[in-house]
Structures are given as structure tokens and as C-alpha cells.
1. Of the residues Val34, Val87, Val68, which single one is within 18 Å of the chain's Cα centre (by Cα) and β-branched (Val, Ile, Thr)?
2. Any residue in region 103-118 that is closer than 14 Å to Ala49 by Cβ, polar (S, T, N, Q) and out of contact with any strand residue (DSSP E or B) (no Cβ under 7 Å at 6 or more places or on another chain)?
3. Of all residues in region 119-144, which are touching a Ser or Thr at 6+ places or on another chain (Cβ under 7 Å) and not in a loop (DSSP other than H, G, I, E, B)?
4. Looking at region 83-118 only, could you name the residues that are part of a helix (DSSP H, G or I) and either surrounded by 13 or more Cβ atoms within 10 Å (Cβ to Cβ) or of a type in the set (Lys, Arg) (or both)?
5. Hey, among Arg59, Arg93, Arg76, which residue is over 18 Å from the mean Cα position of the chain (by Cα) and among the basic types (Lys, Arg)?
6. Restricting to region 103-133, name every residue that is within 19 Å of Val147 (Cα to Cα), of a type outside the set (A, V, I, L, M, F, W, C) and touching a residue at least 24 places away in the same chain (Cβ under 8 Å).
7. Can you tell me which of (1) aromatic (Phe, Trp, Tyr); (2) exposed (fewer than 15 other Cβ atoms within 10 Å of the Cβ); (3) within 18 Å of the chain's Cα centre (by Cα) is the one Phe48 doesn't meet?
8. Only one residue in Ala54, Ala60, Ala42 is surrounded by 15 or more Cβ atoms within 10 Å (Cβ to Cβ), assigned to a helix (DSSP H, G or I), touching a Gly at 6+ places or on another chain (Cβ under 6 Å) and of a type in the set (A, V, I, L, M), so which one is that?
Amino acid sequence: MTWLRRRLGMVSGERGSALVEFVFIALVVFVPLVYVVAGFSAVQRGVFASQAAAREAGRAMGTAPDVVTGQERALRAAQLAVEDQSVEATDMRLAYAPAGADCAAAGSYQPTLAPGEEFSVCVTVTVRIPLLPEFVESNTATGQFVVERDRYVDG
């Protein structure tokens, strides 16, 4: 076996160099790759959480008997949907927008739950990227769900 190594030009001074090269490549390539995958999954989790929370809050608000009960149900449904995606419920904001408006106009509108009323439920979730400081909160995901209250509602 040593004859083969000498014949192929392998010297004993290069023993272990493959291990050093592998560790170097692992640090340069694999660690950033794992971080990028973790960052993308955190963003995707935030998008899923905001969309699911808006949908569930809209359903809860649309089927509520009155506005106060509807807001309580909508907030709780949104919190549960956000927590289901492993996002903290404290990073969530629930607002309502008039029919046809975008979520940028959300916040000043309050639904009345009148029969046939249309409005949008907007949920904004702060996306936390791993290993970034807490004060970096510029990454948000917004989900919107349009609610059309039934025209034939008792009350």
C-alpha cells in the first residue's frame, strides 16, 4: 500500500489535509446555506401565519352576533392561528379596512356587522429572522381576508 502511495505521488506530509479542507468548505459554504434556509423558513412561516390569521379572524367576525363579541372572537382566532405557525402572538396586529380598500387603509375602519356589509380583515405579523437583533422589525407579512356578511342575518 505504501508502494502505491509513493508511486501516485502521495507523501506522508499531506495526511489530514482532506479533513482541514472539508472543515473549511463546511464553514464557508454550509453554515451560510443553513442560515439562508432558516431565514427563508422564518419569512414563509410569517406569511402563512398572517394569511391564516386573517382568514380565521374574518370568519369569526363575519359570524358573530354583535361587534364586541365579534372583535373578541376575531382576536382570539387570529392569536390561535398565529401561534399554530409557531409565531408569537405579541408580534401580531389585527385591523379592519372598508370594502375595496387595501390593508394600507386598515385601522380607521370599524365594522358594524350590518347585513350585507363587506370589509377586509388585515393581520400584520412581524417576522423575526434568526440571529438578528430584536430591534430589527422592518420585516412584516400582511394577510388580508375579505368578509361579506350574510344579507339574511337575524338581528
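Just so it is clear, none of the values below were taken in a lab; they were calculated from the coordinates. All values derive from a computational prediction rather than experimental measurement. Ideal geometry is used to build each Cβ from the backbone, glycine not excepted, and the neighbour counts take in all protein chains shown.
1. Among Val34, Val87, Val68, only Val87 is within 18 Å of the chain's Cα centre (by Cα) and β-branched (Val, Ile, Thr).
2. no
3. Cys122, Val123, Thr124, Val125, Thr126, Thr140, Ala141, Thr142, Gly143, Gln144, listed by residue number.
4. Of everything in region 83-118, those that are part of a helix (DSSP H, G or I) and either surrounded by 13 or more Cβ atoms within 10 Å (Cβ to Cβ) or of a type in the set (Lys, Arg) (or both) turn out to be Glu83, Asp84, Ala89, Asp91, Cys103, Ala105.
5. Arg59
6. If the condition is that a residue be within 19 Å of Val147 (Cα to Cα), of a type outside the set (A, V, I, L, M, F, W, C) and touching a residue at least 24 places away in the same chain (Cβ under 8 Å), then Gln110, Pro111, Thr112, Pro115, Gly116, Glu117, Glu118, Ser120, Thr124 are the ones that fit.
7. Exception for Phe48: condition (2).
8. Exactly one residue qualifies, and that residue is Ala54.
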